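Presented below is the structure to which this report refers.
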Amino acid sequence: MLQSFITVNQPTKISKARGATRREFLKKTTLAGAALAASHNLFKTPVYGQTQPPAPGNAVGANNRIVVGYIGVGFQGVAHIDLQKQFAQANNIAQAAVCDVSAFRLAAAKAKIGGNCKDFARLEQLLEQKDIDAVTISTVDQWHADAAIAALQAGKHVYLEKPMARYLGEAFALYDTVKKNPKLVFQIGSQGCSDAKWSKAAELVKGGKVGKLVMGLASYMRNNDKGEWNTPPFVPAAWMVPGDCDWVKWQGHVKNQIPYDAEHYIRWRKFYPYCAGPLGDLCPHTLHPLLLATGNPEFPTRVVCLGQKPILTDKNTPNALERDCPEDVQLLAEFPSGYAVMMAAGTINQVGLDPVIRGHKATMWMAGNRVKLNPEPEFADDIDPLTIDNIQPGEAIETHEANWFDCIRGKNGITTPNANADLAIRVQTVLSLAEMSNRLNMMCLFDEKTRQVTNGDGKEVPAITYGTLPKS
């Protein structure tokens, strides 16, 4: 949820119950060729730097000002415009251009920024602007990878809303493009990663305070009796007509395209061609920081997922279409180290799991602005109980955006953002395999070296993509 407060750094309080502790290469992708990013062949691991040098990237201007463009200016895109405008002076940025397939949304966003803001109906036009240093991308999920790849190839720094991509193949295509352009800063929009408690948890893990990791638990739970993403009650506004929106362009690589449908356009998170539902929209909020807190995020080796629609809440909103995606999901992921993650996400009960990392020697809770560590009884003589309060900054989108801007400038020598591509691709692998597991009714095994997915019998199963299933 968007937070509009300013996070202020405050002293961190540390309390203990006792004294101190004792002891391959991806060919240059064009927009026309980006459809291939979802194909099975791109799972071959590339060797970077064989034939092409990294893109140079835009140098920040002499006054150190970063010029930003916005691709996708629906609800979330406008939220980013508002926040970045609010903190424009603090971050020393200029808002220069907007892009959207909707003429109405484009005009509204341009007016919101004001001044000499330019507007473009196609992202290629925006990316041709030499004065733009960075872009914030808030499109529908099936455009995430294409837009980010194109922006990186144009030499722009990228802030990309989560999830990283609609499907796994294009997520790896984006990841490979990031790796080919090391001078450009890529941040995934999971603002929990800039909440300092997760980095503090990672410090404790790397310091051996919990021992070998055993299990992590987390969730993102909501409850809406009218059906999540259905409110307010749907009455198409006057501007929601085929003539306003380039509907074919909006659908992108979706294989089974449909005629213009205003509900699909506004409530797209309910429908599989555009989103994985709770797995795509809710899980990234907590899975990114949970893996960050391990201190060494890994690719999964096995993933299984269940998804249900037990309530059918859409029936409670007049004229609402029934969603494709589940109302509730539960996933279990195993990693090479033996660590496992259990996660739930849903829209029909808001009681969640306490964020916990269990280790062989201690258990650690992360909540609010606190990290609390308790040793297992067998290790009480070696590890002290520990509570760290008032950890700042907390979770806020503006903090996460500021981290991106700081990394673009290399402030304090830091150029790697809190939610970088290495973390994002590991999270996306978990989420994409979870969707496969649920929709194909199988356990998914993954080999990070070959990027191949197999079932429990060892048979390779191509990762789902556009056209694999009827609703794609």
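The values are calculated or read from the model by the stated rules, or taken from the named source; none is laboratory data. Predicted, not measured: the structure shown is a model, and the values here were computed from it. When we count neighbours, we look across all protein chains shown, and the Cβ atoms used for this are built from the backbone with ideal geometry, even at glycine.
What the table below lists for this structure:
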{"item": "Residue count for region 106-150, restricted to those that are out of contact with any Phe, Trp or Tyr (no Cβ under 8 Å at 6 or more places or on another chain) and either among the basic types (K, R) or not in a helix (DSSP H, G or I) (or both)", "result": "18"}
{"item": "Pair list, Cβ under 7 Å, 6 or more apart: region 297-320 residue under 30 Å from G338 (Cβ atoms), other residue of a type in the set (G, A, S) and assigned to a helix (DSSP H, G or I)", "result": "V303/A434; V303/S437; V304/S437; C305/A434; C305/S437"}
{"item": "Qualifying position, being at pLDDT 95 or above, among the small types (G, A, S) and surrounded by fewer than 23 Cβ atoms within 10 Å (Cβ to Cβ), among G189, G169, G211", "result": "G211"}
{"item": "Members of region 248-269 that are within 16 Å of I71 (Cα to Cα) and either in contact with a Pro (Cβ under 9 Å, 6 or more places away or on another chain) or assigned to a loop (DSSP other than H, G, I, E, B) (or both)", "result": "Q251, G252"}
{"item": "Output for region 214-262, where each listed residue is surrounded by 14 or more Cβ atoms within 10 Å (Cβ to Cβ), over 30 Å from M364 (Cβ atoms) and over 24 Å from the mean Cα position of the chain (by Cα)", "result": "K226, F234, W239, M240, D244, C245, D246, W247, Y260, D261, A262"}
{"item": "Scope region 79-106; condition under 17 Å from W250 (Cβ atoms) and among the aliphatic types (A, V, I, L, M); matching residues", "result": "V98, V101, A103, L106"}
{"item": "Hey, E378 farther than 20 Å from E203 by Cβ and modelled with pLDDT of 95 or more or not", "result": "yes"}
{"item": "The lone exception for V303 - which of (1) over 30 Å from E263 (Cβ atoms); (2) modelled with pLDDT under 95; (3) hydrophobic (A, V, I, L, M, F, W, C) it fails", "result": "(2)"}
{"item": "Pair list, Cβ < 7 Å and 6+ apart or interchain, from region 332-348 residues that are farther than 14 Å from L287 by Cα to residues that are part of a strand (DSSP E or B) and at pLDDT below 95", "result": "none"}
{"item": "Any chance G458 is at pLDDT below 95 and more than 21 Å from the chain's Cα centre (by Cα)", "result": "yes"}
{"item": "Test: residue in region 78-98 that is charged (D, E, K, R) and outside any loop (DSSP other than H, G, I, E, B)", "result": "yes"}
{"item": "Test: residue in region 278-300 that is at pLDDT 95 or above and farther than 20 Å from C193 by Cβ", "result": "no"}
{"item": "Members of region 291-330 found to be over 24 Å from L423 (Cα atoms) and acidic (D, E), listed by number", "result": "D314, E322, D324, E327, D328"}
{"item": "Residues of region 151-177 that turn out to be farther than 19 Å from Q191 by Cβ, among the aliphatic types (A, V, I, L, M) and not in a loop (DSSP other than H, G, I, E, B), as a count", "result": "6"}
{"item": "Conditions (1) buried (at least 24 other Cβ atoms within 10 Å of the Cβ); (2) touching a Pro at 6+ places or on another chain (Cβ under 8 Å): number failed by G155", "result": "(1)"}
{"item": "Residues within region 351-388 that are of a type in the set (V, I, T) and surrounded by fewer than 15 Cβ atoms within 10 Å (Cβ to Cβ), tallied", "result": "1"}
{"item": "Enumeration of residues in region 287-313 that are part of a loop (DSSP other than H, G, I, E, B) and of a type in the set (S, T, N, Q)", "result": "T294, N296, T301"}
{"item": "Close pairs (8 angstrom Cβ cut-off, 6 or more residues apart or separate chains): under 17 Å from W250 (Cβ atoms) in region 112-128, part of a loop (DSSP other than H, G, I, E, B) anywhere", "result": "A121/D100; A121/V101; A121/D246; E124/L31; L126/I132"}
{"item": "Spans of strands (runs of 3 or more DSSP E) in region 318-406 with at least 3 residues more than 22 Å from the chain's Cα centre (by Cα)", "result": "362-367, 370-375, 386-389"}
{"item": "Qualifying position, being in contact with an Asp or Glu (Cβ under 9 Å, 6 or more places away or on another chain) and surrounded by fewer than 20 Cβ atoms within 10 Å (Cβ to Cβ), among I391, I414, I408", "result": "I414"}
{"item": "Flag if Q187 is in a loop (DSSP other than H, G, I, E, B), on the phi < 0 side of the Ramachandran plot and not charged (D, E, K, R)", "result": "no"}
